[in-house]
Amino acid sequence: MFKERIYNFSAGPSMLPAAVLERASADLLNYNATGMSVMEMSHRSKVYDEIFQSVKEKLRKVMNIPSGYHILFMHGGATGAFASVAMNLIGENGKADYVITGNFSKNAASEAKKYGAVNIAYDTADKNHTYIPEQKDLKLTQGASYLHYCANNTIFGTAWKYVPTAGGVPVVSDMSSCILSEPVDVSKFGLIYAGAQKNMAPAGFAVAILNKDVPIKTLGYTPKILDYNMMIKEDSMPNTPSTYNIYILGLVLDWIQELGGLTKMAEINRDKAKILYNYLDSSEFYISPAQKEARSVMNITFKTANEEMDAKFVKESAAAGLANLKGHRLVGGMRASVYNAMPMEGVAKLVEFMDKFERDNR
Ligand SMILES: Cc1ncc(COP(=O)(O)O)c(C=O)c1O
């Protein structure tokens, strides 16, 4: 139906930069005169090891990750991390603080409950996750092994504008939907993790950036594949890693570097989000549920006054080459995920469409 690439506003898996796809397709049949594609290589081969090590170095450079942090490529996506975080950090008879600001942080807390005592330090469900709590309102527990929060709430379109602290207790952040979107002071975190499929690579792995000083308290039954000590010892290769997807991450990191790094990336992302939010604020037809101070730069949620109109919007926008604007089933309405790879033109086209839709349906 479409002869050209369209603007894909999916929350994940989501758009990859066209330059990355072009590079990958040029490499596809015969990578670097090896006579094979990266996806056909042994993960133990010298060529692949060079790719793998260079991806880690690039990630360290782009995110400015201090040498006191491990970089691990884990299986099981971010949901795997919900379990591995607890299975490595909570400890026998341990406890941890979780802040719930949306569905994924709720899922992370539910998973952790299987392995220890979970204290809900705050839950924004009272206002349907439209806001982010202040530091002073977090109810932290004495003796907690860590504080967990989700930096960007993909479904509800909110984001933390500060890094919470927990009196020296390691802070663990799910950055699945905002990693690589802006510079982050990694030194503030005990652990950062993220599923790959939004700003990093195709779906299939998760990155974990772990402070070497955080005590690893593996439980007797922690599976080898989720065991941080094992992953550190085996350099993320106790078995076959997501070889091809990790290679794509390397290409994405090259693309970010060429663009000017995360400072530039953040500037572009802020500009894109500003265009959409300014438009939403100027319109009486669309409603933007997230509180202004908590608005996400990556996932922008909005709706009209009724569900039928929302459905019409989703249908007509898709036909116009603006794909996957339907909001998550938990919130309805619409959601524009404008990750790093969404070009400014995509956002401009969306606003143009929204404006016309408003005029036609007011
Ligand atoms: C913030 C956040 N955390 C966790 C997940 C779950 O990721 P995965 O599908 O990799 O388990 C998602 C997926 O969309 C997410 O957006």
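Here are a few things to note about the model shown:
- Here Tyr193, Tyr247 are screened, and the one residue that is closer than 27 Å to Met41 by Cα, more than 16 Å from the ligand (Cβ to nearest atom) and not assigned by TED's automatic domain parsing to the domain that holds Met298 is Tyr247.
- In segment 289-328, residue farthest from Trp160 (Cα to Cα) [restricted to those that are buried (at least 22 other Cβ atoms within 10 Å of the Cβ) and among the small types (Gly, Ala, Ser)]: Ser317
- Candidates Gly116, Gly102, filtered to the one that is surrounded by 15 or more Cβ atoms within 10 Å (Cβ to Cβ), of a type outside the set (Val, Ile, Thr) and either modelled with pLDDT under 95 or in contact with a Lys or Arg (Cβ under 6 Å, 6 or more places away or on another chain) (or both): Gly116
- Selected residue [modelled with pLDDT of 95 or more, among the charged types (D, E, K, R), away from the ligand (no atom under 16 Å from the Cβ) and buried (at least 16 other Cβ atoms within 10 Å of the Cβ)] from Asp213, Asp227: Asp227
- Checking each residue in segment 23-49 for being among the aliphatic types (A, V, I, L, M), more than 28 Å from the chain's Cα centre (by Cα) and outside any loop (DSSP other than H, G, I, E, B) picks out Ala33, Val47.
- Some residue of segment 131-138 being polar (S, T, N, Q), at pLDDT 95 or above and farther than 30 Å from Ser14 by Cβ: yes
- Residues of segment 1-22 satisfying the condition of being surrounded by fewer than 17 Cβ atoms within 10 Å (Cβ to Cβ) and outside any loop (DSSP other than H, G, I, E, B): Ala18, Ala19, Leu21, Glu22
- Long-range neighbours under 8 Å by Cβ, at least six apart or interchain, first residue loosely packed, with under 14 Cβ neighbours inside 10 Å within segment 37-55, second not in a helix (DSSP H, G or I): Arg44/Met237
- Picking from residues in segment 56-90 that are assigned to a helix (DSSP H, G or I) and small (Gly, Ala, Ser), the one that is farthest from Ala144 (Cα to Cα) is Gly77.
- Unmet requirement for Phe205, which otherwise passes all of (1) surrounded by 21 or more Cβ atoms within 10 Å (Cβ to Cβ); (2) more than 14 Å from the ligand (Cβ to nearest atom): (2)
- Residues (assigned to a loop (DSSP other than H, G, I, E, B) and either within 16 Å of the ligand (Cβ to nearest atom) or free of Cβ contacts under 8 Å to residues at least 24 places away in the same chain (or both)) located in segment 94-113: Thr101, Gly102, Lys113
The values are calculated or read from the model by the stated rules, or taken from the named source; none is laboratory data. As the structure is a prediction and not an experimental result, all values here were calculated from the model. Note: ideal-geometry Cβ built from the backbone for every residue, glycine included; neighbour counts use all protein chains shown.
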